[in-house]
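Following: one structure in structure tokens, then a few remarks.
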Amino acid sequence: MSGILPGVETPHIALVTCAALPELDDDERLLIAPLEAHGARVTPAVWDDPMIDWARFDLAIVRSAWDYTGRRAEFVEWARRVPRLANPAAVIAWNTDKRYLAELAAAGIPTVPTTWLAPADPISLPAGGTVVVKPSVGAGSFGAERFDLDDEPQARHARDHAAGLQAAGQVVMVQPYIQTVDSYGEAGLVMLRGEYSHAITKGAMLGGPREAVAGLYKSETIERRQASSAELELAGAVLDVLPWPASTLLYARVDMLRDHEGRPILIELELTEPSLFVTHAPGAAQRFAAAVMAHLGLPGA
């Protein structure tokens, strides 16, 4: 739902975060000044703080609520109680379980091939090769591990890791490790109200130990990127097949790899709380603020 509350001249915007980052992270704080330049009042707000009256905000924008993964049902229920939320609760419910990838693949979107193992399913892994085993509900690369199944100790660890995720009630994802990530990285295209804003490259995340930041996500190597025409085409195609018009989504980040022929394939679609990496794109924070104003139907877009 968008639109400013009746009779309000200055929109009050919550940037939704978590208790570990009550004042947002460095990237998110860069959004405050451009929003204030449009006349908005901006408040960081922890999503599970029981003292917050969410109805007082003209818009609550989910940003760094990265601790929800162990409490997904609670997070989705919270989203349903927030009267003006971006992205909306229905989007969050759909996007916080990566089984949405199966729907996108069925709609014709090229995605990383995935085998899904429910908690009660027998563990079935490929006979060999390098795979990634991870939970269908997760963020920040936690729970995602790479294994060489041609190495018997690693194969045993892969089965143990899958079993541990199942024991925790998780649906397990088994995917081939896309080797091109080692040379090309992972592209993330940021879309604001369905329009391309900027892109970044993430370095390979699963090649070795990485520092955990605030216990929420693994540290990343990020660089500015110029999206290719093929990447832009894939991002547009992904948004086109969603159940919601792309223009109603305040933000989206479409993450993709390259297949062995160099074609982009979807690895994740981030509609809930993606880092926007505005630090790496001059003007991105201002574009975000303008998109917020347009979402509210206010001047300044």
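The values are calculated or read from the model by the stated rules, or taken from the named source; none is laboratory data. Computed from a prediction, not measured in an experiment: that's the story for all the values here. For neighbour counting, all protein chains shown are included, and Cβ atoms are generated from backbone atoms with ideal geometry for every residue, glycine included.
Comparison of 164, 143, 169, 129 shows that the only residue that is free of Cβ contacts under 8 Å to residues at least 12 places away in the same chain, outside the structural domain of residue 249 (by TED's automatic domain parsing) and small (Gly, Ala, Ser) is 164. When 106, 93 are screened for being touching a Lys or Arg at 6+ places or on another chain (Cβ under 9 Å), free of Cβ contacts under 8 Å to residues at least 40 places away in the same chain and either surrounded by fewer than 14 Cβ atoms within 10 Å (Cβ to Cβ) or over 25 Å from residue 156 (Cα atoms) (or both), only 93 passes.
Selection of the range 21-32 for residues being hydrophobic (A, V, I, L, M, F, W, C) and touching a strand residue (DSSP E or B) at 6+ places or on another chain (Cβ under 9 Å) yields 21, 24, 31, 32.
In the set 139, 86, only one residue is modelled with pLDDT of 95 or more and buried (at least 19 other Cβ atoms within 10 Å of the Cβ); that residue is 86. Checking each residue in the range 1-20 for being at pLDDT 95 or above and out of contact with any strand residue (DSSP E or B) (no Cβ under 8 Å at 6 or more places or on another chain) picks out only 20. Checking the range 202-214 against the condition returns no match, with no residue being at pLDDT 95 or above and either of a type outside the set (Ser, Thr, Tyr) or not assigned by TED's automatic domain parsing to the domain that holds residue 87 (or both). With respect to the conditions (1) of a type outside the set (Gly, Ala, Ser); (2) within 20 Å of the chain's Cα centre (by Cα); (3) within 25 Å of residue 234 (Cα to Cα), residue 115 falls short on a single one, namely (2).
Quickly run through the range 26-43 and pick out the residues that are assigned to a strand (DSSP E or B) and crowded, with 18+ Cβ neighbours inside 10 Å. Across the range 26-43, the qualifying residue is only 42. The residues of the range 144-153 that are over 19 Å from residue 267 (Cβ atoms) and surrounded by 16 or more Cβ atoms within 10 Å (Cβ to Cβ), listed by number, are 148, 149.
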